[in-house]
Amino acid sequence: MTIIEAVTLGVVQGLTEFLPISSTAHLRIVPALFGWDDPGAAYSAVIQCGTLLAVCLALRHDIAALLRGLAAGLWSGQPLATPDSRAAIMVALGTLPIVVVGFACRHLIRGEARRLEVVTAALFAATLLMAGAELLCRWRSRRGEAGRSGIEKMTFVDGLTMGLVQVLALVPGTSRSGVTISSGMATGLDRSTAARFSFLLSLPAVAAAGLLEAWQQRREIFGSTEAVATAAVGTLAAAVVGYLSIRWLLRILTSQTLWPFVVYRLALVAWLVAWLAGGQTVAPAG
């Protein structure tokens, strides 16, 4: 992998990790479009550490509040007493499903699940979920029901449902942010609160995936000076662009809907179907 490829993929990762359009799909599509080798699930997971850093910086106050609340709750023997403590526990419990399923299905995720046919199908299916969440919100709005705003308004049903739905993001093309934000909206949260918790929920899963892949594929990723350089450059690019994109998305979701992303995903699905029908090679990563 060249430095140009590493920077390009880092920018793609940073732009698409938080926008509900699927980073893994774009990390699979962009190399295929330019005729580059598939970077593989391992490299994708490692540069996700850049977007992990972006979340930590963008939501540092939220993260600090959750950690303080959890520590105070555990110290007092009442871990569910405060909203921050409850939210921290929801993040922990909501992470368990993706960790268990991700480990059990790791070989499938690294191989066949990265086929462009699978990516296309996942893009379409998750887009239907996003559209359904928006239609449900519109129906509630017409009945005068506003979405619950603020992490303190969340319930364990919200958090655990988002955690279960996050498992779908193991399939490239789904979009972790897309399905978890949609899930939060479906259980009654407003878009901004659903997005904020979605990003907090991503922290343990992304950290675990990145560290595990870095360790298991350490010879491939860090086996040479060139490999280390491309991984570092890609991660840095993902961090910078990811920070900008998360701040932008949290701001626009206070007044905008997910419909522009739904339209974009449907257009991408149509283009992929046409591209694949034209005989594009779709072999998974080796």
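No value in this document is a laboratory result; all are computed from the given coordinates. This one's a predicted model, so the numbers in the text were calculated from it and none came from an experiment. Here Cβ is always computed from backbone atoms with ideal geometry, including for glycine, and neighbour counts include all displayed protein chains.
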* Would you mind computing, in nm to one decimal, how far apart the modelled labels at ALA125 and CYS56 are, each placed 7 Å from Cα along Cα→Cβ? => 3.3
* **Proximal charge balance of VAL241 [Cβ under 12 Å; K/R count +1, D/E count -1]** => 0
* Structure fact -> With Cα coordinates, the longest principal axis of the chain makes an angle with the long axis of helix 83-104, in degrees rounded to 10, of 30
* What angle do you read, to the nearest 10 degrees and between 0 and 90, between the alpha-carbon axis of helix 23-34 and the longest principal axis of the chain? -> 20
* Structure fact -> Heads up, segment 3-277 by the C-alpha gyration tensor (a ≥ b ≥ c square roots of eigenvalues; a/c under 1.5 rounded, else a/b over b/c prolate, else oblate) looks oblate
* **Full-stretch length increase - THR225, GLU152 - with 0.36 nm per residue and alpha-carbon distance subtracted** => 21.6 nm
* Structure fact -> Using alpha-carbon positions, the gyration tensor of segment 96-182 gives root eigenvalues a ≥ b ≥ c; with a/c under 1.5 called rounded, otherwise prolate if a/b exceeds b/c, else oblate, the class is oblate
* Structure fact -> Of segment 51-95, those with amide N under 18 Å from the point 7 Å along the Cα→Cβ vector of ALA232 are 51, 53
* Asked: For the pair TRP271 and TRP75, how long in nm is the line joining their label points, each one 7 Å along Cα→Cβ?
  -> 5.2
* Asked: Each label point is 7 Å from the Cα along the Cα-to-Cβ direction; what then is the distance between the points at THR2 and TRP139, in nm?
  -> 5.2
* Structure fact -> Quick note, segment 40-155: a/c under 1.5 would make it rounded; otherwise a/b > b/c is prolate and the rest oblate (a ≥ b ≥ c, C-alpha gyration tensor); here it is oblate
* In segment 39-143, which trypsin sites (Lys or Arg not before Pro) fall in coil by DSSP and have 11 or fewer other Cβ atoms within 10 Å? -> ARG143
* Highest first, please rank the peptides 232-239, 22-29 by the mean number of other Cβ atoms sitting within 10 Å of their residues. => 22-29, 232-239
* **Cβ-based exposure ranking for TYR264, TYR43, in which fewest neighbours within 10 Å come first** => TYR264, TYR43
* Structure fact -> Relative contact order in percent for the chain (Cα pairs under 8 Å, 6+ apart) equals 36
* To do: Work out, step by step, the length gained on full extension between VAL99 and LEU244: first 0.36 nm times the residue separation, then minus their alpha carbon distance; give nm to one decimal.
  => 49.4 nm
* Structure fact -> Helix 176-186 sits off the longest principal axis of the Cα atoms of the chain, rounded to the nearest 10 on a 0 to 90 degree scale, by 30
* Debye, to nearest 20: dipole size of the chain, +1 on Lys, Arg Cβ, -1 on Asp, Glu Cβ -> 660
